[in-house]
1. Expressed in nm to one decimal, what extension gain is obtained for the pair residue 125 and residue 184 from 0.36 nm per residue of sequence separation less their Cα-Cα distance?
2. Go through segment 1-106 and name the GluC sites (Glu not before Pro) that are in a DSSP coil and have 11 or fewer other Cβ atoms within 10 Å of their Cβ.
3. Considering the dipole of the chain built from charges on the beta carbon (Lys and Arg +1, Asp and Glu -1) around the Cα centre, which of 28, 186, 117 is farthest to its positive end?
4. Want the number for residue 97 to residue 159: 0.36 nm per residue separation, take away the alpha-carbon distance, what's left?
5. Kirkwood hydrodynamic radius (Cα pairs, Å) of segment 123-216?
6. Quick one: dipole size for the chain, taken about the Cα centre, charges +1 on Lys/Arg Cβ and -1 on Asp/Glu Cβ, in debye to the nearest 20.
7. Can you list which of the DSSP-assigned H helices in the chain have a Cα extent of 15 Å or more along the long axis and an average Kyte-Doolittle score of at least -1.0?
8. Give me the aspartates and glutamates in straight-line cross-link reach of residue 52: C-alpha distance below 14 Å, same-chain residues under 8 apart excluded.
Amino acid sequence: MKLLAPSILSADFSHLGEEVAAIEEAGAHMIHVDVMDGHFVPNISFGAAVMKSLLGKTDIPFDVHLMIEDPDRYLEDFVTENTKYITVHQEACVHLDRTLKHIKSLGVKAGVALNPATSLCTLEYAAEEADLILLMSVNPGFGGQKFIPSALDKTKALSGLRQERSLRFEIEMDGGITLDNVRKVTEAGVDIVVAGSSVFAADDSRARVKEFLKKF
Ligand code: DX5
Ligand code: ZN
């Protein structure tokens, strides 16, 4: 089953509760929470307090994507009753194996993300610890960028590797996904689709979620 995780990075923060309620009602499976520190990526988004303001207002699970340096320092802040995944970047983790184990020790699923230019080889000895592998299809930092097509071949290779080694991680893709390219993304083997601007910048985000789900 394919899952849709709209990114609140492109939502209207002055009405965040309503924005999330709309996509939840339309059938979105998770909320993708993009945290940026202005160091690992050239932009600052928001931190755990904004995410936590949604607690009690929604039952939808949080899919946290930490685009930050030294993520171990902040992991606990993002653990809540709604948090399902916490994903860190391979490029930001000197001790990736330790960090993935740390996330799991907090009772949530551990994800690792790769930038578009980072090879799958960097996960050769970490894939077993991962519950989720997030392939970036844009260079992280901003919503609304153009999809980088090499992410599709990378997905196929990752899916092959998962099968070969009988591993169980989910494959997620993030960046530049629209109604026009989502089929290619899922056909390549992606399990969890992140969509930011194509959901929240639409005139009717509820209708847009339903259109995405029809493509699955
Ligand atoms: C990119 C973020 C993405 C982004 C996706 O730095 O990790 O989650 O918000 O937004 P769109 O779908 O607009 O590319
Ligand atoms: Zn993201």
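Where a number appears in this text, it was derived from the coordinates with a stated rule and is not lab data. All values reported here derive from a predicted model rather than from experimental measurement. For neighbour counting, all protein chains shown are included, and Cβ atoms are generated from backbone atoms with ideal geometry for every residue, glycine included.
1. Length difference between fully extended and current span is 18.4 nm.
2. Taking segment 1-106 and a limit of 11 other Cβ atoms within 10 Å, the loop GluC sites (Glu not before Pro) found are 81.
3. It is 186, whose Cα lies furthest towards the positive end.
4. 20.2 nm
5. Working: mean 1/r = 0.0720 Å⁻¹.
Final number for the Kirkwood radius of segment 123-216 is 13.9 Å.
6. For this selection, approximately 560 debye.
7. 150-164
8. The qualifying aspartates and glutamates are 34, 63, 76, 77, 81.
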